[in-house]
């Protein structure tokens, strides 16, 4: 079994694994994980390209202009000619990333490839755009598979000379996107085609990472690599002397993450900070707090963060009903003694009743607004696609990641930040309509205006993954290092 303690380098299972030649082959354990992953990813790439013709033809058939139609047909021809080399380039980079794990002189730049750094992205030109694009592309993967990916990174770190996290993990969504984009760049794939194929990549590969991570973790567990890792967040507190101190450490890390989370408004952070001691008491009494996503206190933290996602500088704390409701939740948690477990369920139930009623009220306003947008009105000429692409191909990728219901934070010329939600994209002029948390329209922008603001950082996407899950993923990574 592998040493689960800290060390200066990877903890090999045997002397045989330590004497490999990193330039020619992988250690047996990493080789098994790589081969299994490469087989799955190769099959998915083949499915991607097999279906690309059909998907692109359907896009061409629905194109709004000859320019768009030509773009889709160009993508079809390009992919038919270059698909084999793109597949080969992708798999070669995957292998190189695994090889880099075994090299003492390797660093994150080695993992990402020659000439790259952790703050670069092959398609994108600056740190801000990279962060926004990667976040929007991989957020679904991290929301769905974050815990499995963190476990995989933790296990890789016992075998690797390079400290890994969810961004630099060779099988993480950010790295998988990087392999694909670099392989396309090597083949001279046009930027317009990249915008399309990257979306296909998300559909055919990134949607299936759950099985990829499950298989990799299972192979590592079978060879003795941290087989009891799940105990870190479940029964470890029972097995280790000083369980109270351990729970205190975990809760401290949880609230440290929350205090630094830019996705939470200052008003919400102030309220959540008041429940740190009550949460610590709950965690010390109930080991399921960290291991069960159905724990009522854990669900309360998630629901409170979700309900307050639209809070910004315009919040009137003294007269806001939601703020008053969350204050009541804080008081109830502070008074919780642990003697009546059903009390937490009651608090959760009451909060759900309030937030569901609020959501229904706001949705009614949003539906009415959307109906009004659909009514006959003077149409604005659509932005020519060719002209838009000349302005900013990369910004177009960012805008394409916005979905109905996405929350963003917009900064005006005076630096005041306002949070709003996208509720409609009105064709044919592509007007993006945003409302505040009360369902009132506050912003309406064209696609071109959005592109410019996303590029300069005036608009930032809000991470809508569950608060506790984001924090737990960060905690597991810090515990491993």
Exercise. Report the calculated FRET efficiency for residue 207 and residue 57 (r = Cβ-Cβ distance, R0 = 22 Å), to the nearest 0.05.
Key: 0.55
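With a 10 Å radius around each residue's Cβ, average the other Cβ atoms per peptide and rank 39-46, 72-79, highest first.
Numbers: 39-46: 16.1, 72-79: 18.9.
Taking the mean over residues of other Cβ atoms within 10 Å, the ranking is 72-79, 39-46.
I need 409, 184 ordered by Cβ neighbour count within 10 Å, fewest first. Walk me through the numbers before you get to the answer.
Values: 409 18, 184 26.
In increasing order of surrounding Cβ atoms, one gets 409, 184.
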Quiz item: With a 10 Å Cβ neighbour count serving as the proxy for reagent exposure, in which order, fewest first, do 358, 202 appear?
Solution: 358, 202
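Going by C-beta contacts inside 10 Å, put 177, 456 in order with the fewest on the left.
Values: 177 23, 456 12.
Lowest to highest Cβ neighbour count: 456, 177.
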Practice problem: Could you calculate the contour length gain from residue 259 to residue 350, that is, 0.36 nm times the residue separation minus the distance between their Cα atoms, to one decimal place in nm? | Solution: 30.2 nm
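Read-outs: derived from the displayed coordinates by stated rules, not from any lab. Since we're looking at a predicted model, the values are computed, not measured. As a convention, Cβ positions derive from the backbone with ideal geometry for all residues, glycine included, and neighbour counts pool all protein chains shown.
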